[in-house]
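Q: This is the structure I have questions about; it appears just below.
The values are calculated or read from the model by the stated rules, or taken from the named source; none is laboratory data. It should be emphasised that the depicted structure is a prediction, and the values quoted were computed from it without experimental measurement. Please note: Cβ atoms are built from the backbone with ideal geometry, for glycine as well, and neighbour counts cover all protein chains shown.
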Number of protein chains: 2
Amino acid sequence: MVYRAACCLTGGFVYSKGEIKMANINISFNEKLEKQLQFIVEIDKVKNIFRKSKLFHDDRFENDAEHSWTICIMALLLKEYSNFSVNMEKVISMLLIHDIVEIDAGDTFLYSENRKNAYEEETKSAERIFGLLDKDQKDYFIKIWKEFEERKTNEAKFSAVFDRLEPILQNYILEGYTWKKYNITYEMVIEKNKHIKEASEEIWEFVLKLLEKAVEKGYIKK
Amino acid sequence: MVYRAACCLTGGFVYSKGEIKMANINISFNEKLEKQLQFIVEIDKVKNIFRKSKLFHDDRFENDAEHSWTICIMALLLKEYSNFSVNMEKVISMLLIHDIVEIDAGDTFLYSENRKNAYEEETKSAERIFGLLDKDQKDYFIKIWKEFEERKTNEAKFSAVFDRLEPILQNYILEGYTWKKYNITYEMVIEKNKHIKEASEEIWEFVLKLLEKAVEKGYIKK
C-alpha cells in the first residue's frame, strides 16, 4: 500500500513552477557561500511535501518544514524525559534535516508496506540534495540522516520519540482523523511506536495512557 | 504604517475554528508533561501567522514556523562564517522560538514604523504563551526571547543574521517582490540589516554584493 500519490502530484506541480521562477544566486563573489545558499533554496521544497496528519488549529495537512519545527521544539522542551544524556545540537540537527529526502522521494506513511523501497529512494534523494554542498558538509548531513534512520545511537533514539509523538498527539486531538482514514488500529500504533520506550520511559507511559483514552473515546479501535 | 491587518484577520478566523476543535490533552496522568504538550499545541498557531515574503518555490506567503525552520538550518550550515564562537544549541533555541510571540501580536514588518508598539504587544504575548509552562521553562524561554530581541550577546547577534538573510534572499530570487510592494529602497535595506556585519563579515560582504546586483537588475531602487 502506497499513500503518496497526492503529495507527489502536488510536488510535481509546485516544482515545475519553482523551476521557472528560480533565479540563480550565483553572483560570482563567494562560491562556497553561494553553493550553500542554493542548497537552502532547494530544500525549501519540503514546504510543499505534505504529511498525512493535519494541524492542531487548521483544517489542512501539515508540511514537512512545519513538522520539523514542531518536533525540534518538543525535543528542547522535553529533554528532561530522556533515559540517557544526549547532545542536543546533534538531536536538533537530525530533526531539522530528517525529512529533506522527501523532496524527491515523497512522504511515505509510517504504516505503509512500502517503507523499504522508500528508503532506497530516500538514499538517492539524500545523495542528490546534500550533494549540492561541498564534500565535508554533504558527508556530515548524510551521516546524521542515516544515523537518524538507523536509530542506534542515543541521539537517534531520542530524536525518533518526537517524530512519532507529534502525529500521535495530532491524531488524539483531531479525534483519530488519520487512524480512522487508514484503518489504523491500537495494536498497529503500539507496534510502530514502542521504540519510544527505549529513549523515554516517561513519554512512553504517557503515550500508552493517551492511547487507552483514545480507544475509550472511539478515536481508534483495539 | 502597520502591515498586519491581513494576518490578524486570518489569525482570528483560524483561532476560532481551532478553539472549537481543540481537545484537552489533560488525561490526569503526568501533569507537567501534559502542560508542556498543551504548550506545543498552542504554539502550533504560528503556522497560521504569515510573513511578507513568499516561498522560493510557490506563490504563497511563508508562515512563521516555516521561516524558523529555514533559518535554523541556515545557522547550522553557515556557522563557519561567524565572527566569534557561539553556543549553537542556544542559537537554534532562539531561532526556533523567536516568532512565537507573533501568535498574539501578529507579524510586524521589519520596515514598519510601529515596531516599538509591537514590542510591547509581543512582551504581553510572551508572558501569556510561555506562561503556559512551569516557571523554570517559562523564565528560560522569555530570557532567550528577550536576549534575541536585544541583540547584545554573540548568540543573539549571530541568530539575527539569519532572521535577516532569508528575506533578503527571498526578495532577490523573487525579483524584489516585497521591496517593490512596500517601496523599500536599497538604503532602507542597508540601514535595517547592517548589524549583520557585527556577527559575520563574510555574510555582510555577500549581502552588499547581492544588493548591488539587485539594483542592477531593477529589483530595488537606490
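Q: Can you tell me which residue is farthest from the other protein chains (Cβ to nearest Cβ) among those in segment A:184-222 that are of a type in the set (D, E), in contact (Cβ under 8 Å) with a residue 24 or more places away in the chain and out of contact with any Lys or Arg (no Cβ under 6 Å at 6 or more places or on another chain)?
A: Among residues in segment A:184-222 that are of a type in the set (D, E), in contact (Cβ under 8 Å) with a residue 24 or more places away in the chain and out of contact with any Lys or Arg (no Cβ under 6 Å at 6 or more places or on another chain), the one farthest from the other protein chains (Cβ to nearest Cβ) is A:E187.
Q: Which of the residues belonging to segment A:50-68 are among the hydrophobic types (A, V, I, L, M, F, W, C), more than 10 Å from the chain's Cα centre (by Cα) and within 7 Å of chain B (Cβ to nearest Cβ)?
A: A:L55, A:F56
Q: Just one of (1) in a helix (DSSP H, G or I); (2) out of contact with any strand residue (DSSP E or B) (no Cβ under 7 Å at 6 or more places or on another chain) trips up B:N183, so point out which.
A: It fails just one condition, (1).
Q: Say whether the condition of being among the acidic types (D, E) and closer than 19 Å to A:E34 by Cβ is met by at least one residue in segment B:177-199.
A: The answer is no; no qualifying residue exists.
Q: Inside segment B:209-222, can you point out the residues that are touching a helix residue (DSSP H, G or I) at 6+ places or on another chain (Cβ under 8 Å) and at pLDDT 95 or above?
A: Matches in segment B:209-222: B:L210, B:L211, B:K213, B:A214, B:V215, B:Y219, B:I220, B:K221.
Q: Just checking, how many residues over segment B:179-220 are of a type in the set (S, T, N, Q) and surrounded by 20 or more Cβ atoms within 10 Å (Cβ to Cβ)?
A: 2
Conditions (1) over 16 Å from the mean Cα position of the chain (by Cα); (2) of a type in the set (A, V, I, L, M); (3) farther than 24 Å from B:F50 by Cβ, marked per residue:
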{"residue": "B:K124", "(1), (2), (3)": "yes, no, no"}
{"residue": "B:Y140", "(1), (2), (3)": "yes, no, yes"}
{"residue": "B:W145", "(1), (2), (3)": "no, no, no"}
{"residue": "B:R151", "(1), (2), (3)": "no, no, yes"}
{"residue": "B:V161", "(1), (2), (3)": "no, yes, no"}
{"residue": "B:W179", "(1), (2), (3)": "yes, no, no"}
{"residue": "B:N183", "(1), (2), (3)": "yes, no, no"}
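Q: Continuing with the same structure: Across segment B:104-120, what is the number of residues that are crowded, with 21+ Cβ neighbours inside 10 Å and in contact with a Gly (Cβ under 9 Å, 6 or more places away or on another chain)?
A: Here the count works out to 1.
Q: Taking B:Q36 as meeting all but one of (1) crowded, with 23+ Cβ neighbours inside 10 Å; (2) modelled with pLDDT of 95 or more, write down the number of the exception.
A: With respect to (1) crowded, with 23+ Cβ neighbours inside 10 Å; (2) modelled with pLDDT of 95 or more, B:Q36 is out only on (1).
Q: I'd like the full set of residues that are surrounded by 17 or more Cβ atoms within 10 Å (Cβ to Cβ) and either not in a helix (DSSP H, G or I) or not aromatic (F, W, Y) (or both), limited to segment A:121-136.
A: Within segment A:121-136, A:E122, A:S125, A:A126, A:I129, A:L133 meet the criteria.
Q: Taking A:A160 and the conditions (1) among the small types (G, A, S); (2) at negative phi; (3) within 14 Å of chain B (Cβ to nearest Cβ), which numbered condition does it fall short on, given that it satisfies the others?
A: (3)
Q: Select from segment A:41-88 the residues that are aromatic (F, W, Y), part of a strand (DSSP E or B) and in contact with a helix residue (DSSP H, G or I) (Cβ under 6 Å, 6 or more places away or on another chain) and list them in ascending order.
A: Answer for segment A:41-88, where residues must be aromatic (F, W, Y), part of a strand (DSSP E or B) and in contact with a helix residue (DSSP H, G or I) (Cβ under 6 Å, 6 or more places away or on another chain): just A:F50.
Q: A:N114 passes all but one of (1) within 28 Å of B:N48 (Cα to Cα); (2) more than 9 Å from every other protein chain (Cβ to nearest Cβ); which number fails?
A: Failing condition for A:N114: (1).
Q: Still on this model: Looking at (1) touching a Leu at 6+ places or on another chain (Cβ under 8 Å); (2) more than 14 Å from chain A (Cβ to nearest Cβ); (3) not β-branched (V, I, T), can you tell me which one B:P167 breaks?
A: In the conditions (1) touching a Leu at 6+ places or on another chain (Cβ under 8 Å); (2) more than 14 Å from chain A (Cβ to nearest Cβ); (3) not β-branched (V, I, T), B:P167 misses (2) alone.
Q: Do you know which of the residues in segment B:91-102 that are facing chain A (nearest Cβ under 10 Å) and part of a helix (DSSP H, G or I) is farthest from A:N48 (Cα to Cα)?
A: Applying the filter and picking the extreme gives B:V91.
Q: So for segment B:137-158 (the condition being touching a strand residue (DSSP E or B) at 6+ places or on another chain (Cβ under 8 Å), surrounded by fewer than 20 Cβ atoms within 10 Å (Cβ to Cβ) and assigned to a helix (DSSP H, G or I)), does at least one residue qualify?
A: Within segment B:137-158 (the criterion being touching a strand residue (DSSP E or B) at 6+ places or on another chain (Cβ under 8 Å), surrounded by fewer than 20 Cβ atoms within 10 Å (Cβ to Cβ) and assigned to a helix (DSSP H, G or I)), the answer is no, since none of the residues qualifies.
Q: Which one of the conditions (1) within 9 Å of chain A (Cβ to nearest Cβ); (2) in contact with a helix residue (DSSP H, G or I) (Cβ under 6 Å, 6 or more places away or on another chain); (3) modelled with pLDDT under 95; (4) crowded, with 17+ Cβ neighbours inside 10 Å does B:G18 fail to meet, given that it meets all the rest?
A: (2)
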